[in-house]
């Protein structure tokens with residue numbers, strides 16, 4: 001399908017209305033704060049689900065706004081129609097893209113606000129993740145008002161470890177925090193970043209505790225082993241299995257029951273919630289990469305976006321390897337040998353689906369599926385911790 005080169009106000013009215021209606025029909029939705037947009041603004045939101053556009057539309061429709069989306073989303077059968085018809089701004093994840101930035105400026109001059117999820121990926125563990133410092137530079141360059149949108153509850157309704165789950169869980173869309181263009185002009189990049197990080201930070205497990213959510217699920221833990229791959233009791237990796245609301249380590253036989261609020265009954269206090277367990281894995285990765293002569297290699301298959309049609313197609317195979325200096329992807333891609341090294345200091349994060357894939361940009365978007373798909377979460381954490389170690393974050 002040919003992509004629209006400019007924002008379509010006509011199609012926005014159609015898709016925006018449908019999205020607002022759908023959001024309110026699918027979820028008990030509450031919007032907090034002033035919904036009025038006086039002039040085109042930059043709308044920054046945390047990235048928690050594939051429904052984020054619906055939630056923002058529920059807050060601001062019929063006031064027009066365009067969306068910056070990942071290039072791969074425009075090649076998704078579920079999303080391509082509205083993305084292309086509405087003229088959404090597409091860009092490759094975690095890359096500099098002057099063309100998309102100029103599109104933002106042009107669309108704002110035409111009267112539309114711009115919605116961006118600066119994390120660039122859906123959070124894996126229900127907690128707001130890394131936001132690149134370049135976001136502050138963009139805010140300063142656009143010289144416009146900034147509206148912060150914090151979405152709470154949406155990740156828990158559609159978690160990364162079970163993408164097929166759609167739960168009618170209460171969603172809160174908080175639009176109460178803003179910066180005027182005049183305020184931004186007086187702030188340095190560091191102050192802008194602090195405002196962005198503080199305004200968008202969300203932990204859905206804290207949110208579930210706050211609202212006292214207690215709706216029982218039949219299979220709440222199914223798929224959780226994709227995210228929680230390392231037993232916090234015995235330390236064995238890729239031995240966790242799930243059934244119903246239980247997650248169990250096959251090695252030490254320790255079992256935990258997941259509650260509707262993300263609590264793990266039977267666990268020690270230091271890992272008695274999904275996000276806390278996840279952080280024990282991060283700590284283990286940090287320790288592993290600090291060891292002398294650290295290295296790790298995994299076999300992978302490559303997939304690239306189809307040039308015609310939707311989705312991905314097989315494009316080769318190879319390896320992904322790590323050492324203290326960074327990440328290397330080698331193999332055969334579309335019949336050509338590749339050997340791509342990405343220094344740790346320039347690769348802060350990678351988009352990954354727990355137990356499914358990792359997405360990189362190697363001249364173009366490339367999806368890697370490890371032979372051990374259960375390793376996806378660990379490999380994503382390695383990328384993050386290598387960057388932190390190298391840059392002393």
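Looking at residue 43, is it surrounded by 22 or more Cβ atoms within 10 Å (Cβ to Cβ), at pLDDT 95 or above and in the same structural domain as residue 108 (by TED's automatic domain parsing)?
Working: surrounded by 22 or more Cβ atoms within 10 Å (Cβ to Cβ): yes; at pLDDT 95 or above: yes; in the same structural domain as residue 108 (by TED's automatic domain parsing): yes.
So residue 43 passes the test.
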Every residue from the stretch 353-393 that is under 19 Å from residue 47 (Cα atoms), in a helix (DSSP H, G or I) and touching a strand residue (DSSP E or B) at 6+ places or on another chain (Cβ under 6 Å) = 380
Selected residue (only one of 90, 135, 123 is part of a helix (DSSP H, G or I) and under 30 Å from residue 355 (Cα atoms)) = 135
Do we find a residue being surrounded by fewer than 20 Cβ atoms within 10 Å (Cβ to Cβ), at pLDDT below 95 and under 20 Å from the mean Cα position of the chain (by Cα) anywhere in the stretch 380-389?
-> no
Filter the stretch 205-218 for residues that are surrounded by 14 or more Cβ atoms within 10 Å (Cβ to Cβ) and more than 19 Å from residue 152 (Cα to Cα) and give the result.
-> 217
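Here are some residues: 114, 101. Which one is within 21 Å of the chain's Cα centre (by Cα), at pLDDT below 95, assigned by TED's automatic domain parsing to the domain that holds residue 65 and not in a loop (DSSP other than H, G, I, E, B)?
On the way: 114 fails: at pLDDT below 95.
The match here is 101.
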Within the stretch 231-273, restricting attention to residues that are in contact (Cβ under 8 Å) with a residue 40 or more places away in the chain and farther than 24 Å from residue 217 by Cβ, which residue is farthest from the chain's Cα centre (by Cα)?
-> 235
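Conditions tested, residue by residue: (1) farther than 16 Å from residue 54 by Cα; (2) surrounded by fewer than 17 Cβ atoms within 10 Å (Cβ to Cβ).
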position: 111; (1), (2): yes, yes
position: 116; (1), (2): no, no
position: 122; (1), (2): no, no
position: 126; (1), (2): yes, no
position: 130; (1), (2): yes, no
position: 147; (1), (2): yes, no
position: 150; (1), (2): no, no
position: 155; (1), (2): no, no
position: 158; (1), (2): no, no
What are the residues in the stretch 284-333 that are in a helix (DSSP H, G or I) and surrounded by 13 or more Cβ atoms within 10 Å (Cβ to Cβ), if any?
-> 284, 285, 286, 288, 289
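The values are calculated or read from the model by the stated rules, or taken from the named source; none is laboratory data. A quick note: this is a predicted structure, and the numbers were derived from the prediction, not measured. Note that we place each Cβ from the backbone using ideal geometry, even for glycine, and neighbour counts take in every protein chain shown.
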